[in-house]
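**Student:** Got a structure here, written out as structure tokens. Questions coming.
The values are calculated or read from the model by the stated rules, or taken from the named source; none is laboratory data. Remember, predicted model here, so these are calculated numbers, not experimental data. Note that we place each Cβ from the backbone using ideal geometry, even for glycine, and neighbour counts take in every protein chain shown.
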Amino acid sequence: MNSKSILLTGGTGLIGKNLTKQLLAKGYRVSHLSREPGKDPHVKTFLWDIHKGEIDADCIDGVDIVIHLAGAGIADKRWTEERKKELIDSRTKSIGLIYHLLRTKKHQVHSIISASAIGYYSDRGDELMTETSPPSNDFMAKCCIEWEAAVDEGKQLNLRIVKFRTGVVLDNGGALAKLAMPIKLYVGSPLGSGKQWIPWIHWLDVVDMYMYAIENETFTGTYNMAAPNPVTNKQLTRAVAKQLHKPLWAPKIPAFLLKLLMGEMSTIVLGSTKVSARKIEDAGFKFKYPEITLALKEIYG
């Protein structure tokens with residue numbers, strides 16, 4: 001039986017849910033910080049309100065590790081100035097509230113494991129990005145820089161800090177469902193040039209990577225969370241079509257149309273980010289799904 005206690009922010013999101021399941025199965029005690037009361041009887045939910053700066057001070061009692069996954073959905077709404085502020089605040093002010101609590105209250109928290117995003121590098125063509133590559137300068141990059149800086153404040157509290165720059169997580173919903181929908185309707189096609197690199201990762205590898213950081217207490221620093229074999233948008237579209245036994249009839253969806261529909265947010269689908277998984281592999285992590293065909297086979301079963 002594991003006696004360690006883990007507190008998750010963003011615990012009801014897709015990754016949060018799957019990670020919670022895995023932690024409970026391994027005997028960890030798990031609690032969530034959330035805006036609303038939780039529905040899972042195995043998980044104690046503490047309430048917080050990031051905008052009001054309110055947090056239930058009891059949330060850190062007995063906690064060893066905090067996993068920070070909270071943040072408003074990047075592609076959920078159009079990027080107005082107000083929305084951009086919300087995207088950054090939901091990531092930075094949230095961890096700030098936790099650090100404020102850790103400064104003012106007795107606790108045993110020793111580690112913070114936080115999400116960040118591949119958006120840190122943003123649109124970089126065919127260049128291979130490693131963890132030491134400089135960030136880009138568009139909104140996505142700015143969001144990630146501020147997010148990581150907010151998490152790094154924990155170094156002043158002598159906490160072990162791990163940050164995962166998360167790529168495009170493939171699972172039954174999310175990004176893959178959006179990509180697969182037109183393919184299922186026989187109108188699938190690559191987006192823009194189709195040559196842009198997609199730093200994908202299977203959701204089980206995401207959960208495993210968080211578990212790896214939880215269980216290896218000397219593991220620290222910043223890591224790319226993307227599979228070792230990146231694919232282009234065109235390769236991914238083809239692989240999905242093949243897995244679904246559907247032809248690709250439609251011509252490529254022109255970039256100008258996507259910019260028109262999505263505005264500045266179109267960088268998410270048109271941007272090219274080729275990411276190295278070397279650092280995490282060198283640290284001893286083994287991917288279950290290093291290849292896109294394996295990953296899609298598991299998802300579409």
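**Student:** Taking the residues in the stretch 148-176 that are within 21 Å of Ile214 (Cα to Cα) and of a type in the set (Asp, Glu) as candidates, determine which candidate is surrounded by the most Cβ atoms within 10 Å (Cβ to Cβ).
**Tutor:** Among them, the one singled out is Glu148.
**Student:** I need the full set of residues from the stretch 25-63 which are more than 19 Å from Leu97 (Cβ to Cβ) and either charged (D, E, K, R) or outside any strand (DSSP E or B) (or both), in order please.
**Tutor:** Matches in the stretch 25-63: Ala25, Lys26, Gly27, Tyr28, Arg29, Lys39, Asp40, Pro41, His42, Val43.
**Student:** Can you tell me which residue within the stretch 133-147, out of those that are touching a residue at least 40 places away in the same chain (Cβ under 8 Å) and either over 17 Å from Ile112 (Cα atoms) or in contact with a Leu (Cβ under 7 Å, 6 or more places away or on another chain) (or both), is surrounded by the most Cβ atoms within 10 Å (Cβ to Cβ)?
**Tutor:** Among residues in the stretch 133-147 that are touching a residue at least 40 places away in the same chain (Cβ under 8 Å) and either over 17 Å from Ile112 (Cα atoms) or in contact with a Leu (Cβ under 7 Å, 6 or more places away or on another chain) (or both), the one surrounded by the most Cβ atoms within 10 Å (Cβ to Cβ) is Met140.
**Student:** If you go through the stretch 84-94 one residue at a time, do you hit one that is touching a strand residue (DSSP E or B) at 6+ places or on another chain (Cβ under 9 Å), part of a helix (DSSP H, G or I) and closer than 20 Å to Phe139 by Cα?
**Tutor:** Yes, the stretch 84-94 contains a residue that is touching a strand residue (DSSP E or B) at 6+ places or on another chain (Cβ under 9 Å), part of a helix (DSSP H, G or I) and closer than 20 Å to Phe139 by Cα.
**Student:** Could you tell me which residue of the stretch 61-80 is modelled with the highest pLDDT, considering only residues that are hydrophobic (A, V, I, L, M, F, W, C) and over 19 Å from Ala213 (Cβ atoms)?
**Tutor:** The selected residue is Trp79.
**Student:** Looking at Lys106, is it of a type in the set (Lys, Arg) and at pLDDT 95 or above?
**Tutor:** Yes, satisfied.
**Student:** Something else: Could you tell me whether the stretch 148-161 includes any residue that is part of a loop (DSSP other than H, G, I, E, B) and either without any contact (Cβ under 8 Å) to a residue 60 or more places away in the chain or touching a helix residue (DSSP H, G or I) at 6+ places or on another chain (Cβ under 6 Å) (or both)?
**Tutor:** Yes, that holds for at least one residue.
**Student:** Further question on the same structure: Please work out if Gly16 is modelled with pLDDT of 95 or more, touching a Gly at 6+ places or on another chain (Cβ under 9 Å), of a type outside the set (Phe, Trp, Tyr) and not in a strand (DSSP E or B).
**Tutor:** Considered against the rule, which asks whether it is modelled with pLDDT of 95 or more, touching a Gly at 6+ places or on another chain (Cβ under 9 Å), of a type outside the set (Phe, Trp, Tyr) and not in a strand (DSSP E or B), Gly16 comes out as yes.
**Student:** Name the one entry in Asp123, Asp76 that is of a type outside the set (A, V, I, L, M, F, W, C), buried (at least 17 other Cβ atoms within 10 Å of the Cβ) and either outside any helix (DSSP H, G or I) or more than 19 Å from the chain's Cα centre (by Cα) (or both).
**Tutor:** Asp123
**Student:** Starting from the stretch 228-245, take each residue that is farther than 22 Å from Thr130 by Cα and free of Cβ contacts under 8 Å to residues at least 60 places away in the same chain and list its partners that are assigned to a helix (DSSP H, G or I) and polar (S, T, N, Q), counting only C-beta distances under 7 angstrom and pairs at least six apart or across chains.
**Tutor:** Matching pairs, first to second residue: Ala239/Thr293.
**Student:** Same structure again: Among the listed residues Ile183, Ile201, Ile161, identify the single one that is more than 14 Å from the chain's Cα centre (by Cα), at pLDDT 95 or above and of a type in the set (A, V, I, L, M, F, W, C).
**Tutor:** Of the residues listed, the single one that is more than 14 Å from the chain's Cα centre (by Cα), at pLDDT 95 or above and of a type in the set (A, V, I, L, M, F, W, C) is Ile161.
**Student:** Going by the conditions given, is Glu127 under 25 Å from Ile253 (Cα atoms), in contact with a Lys or Arg (Cβ under 7 Å, 6 or more places away or on another chain) and not aromatic (Phe, Trp, Tyr)?
**Tutor:** yes
**Student:** Residues of the stretch 95-120 being of a type in the set (D, E, K, R) and either in a helix (DSSP H, G or I) or at positive phi (or both), which ones?
**Tutor:** Arg103
**Student:** Okay, moving on. Quick one: is Pro190 over 19 Å from the mean Cα position of the chain (by Cα) and in contact (Cβ under 8 Å) with a residue 60 or more places away in the chain?
**Tutor:** yes
**Student:** When you scan the stretch 189-301 for helices (runs of 4 or more DSSP H) that lie fully inside it, which ones turn up with 1 or more residues that are among the charged types (D, E, K, R) and crowded, with 21+ Cβ neighbours inside 10 Å?
**Tutor:** The helices (runs of 4 or more DSSP H) meeting that bar are 203-215.
**Student:** Looking at (1) modelled with pLDDT of 95 or more; (2) buried (at least 17 other Cβ atoms within 10 Å of the Cβ); (3) more than 19 Å from Ala70 (Cα to Cα), which one does Ile118 not meet, given that it meets all the others?
**Tutor:** Here Ile118 clears every test but (3).
**Student:** Which is touching a residue at least 60 places away in the same chain (Cβ under 8 Å) and either closer than 25 Å to Lys195 by Cα or buried (at least 18 other Cβ atoms within 10 Å of the Cβ) (or both), of Ile88, Ile67, Ile112?
**Tutor:** Of the residues listed, the single one that is touching a residue at least 60 places away in the same chain (Cβ under 8 Å) and either closer than 25 Å to Lys195 by Cα or buried (at least 18 other Cβ atoms within 10 Å of the Cβ) (or both) is Ile67.
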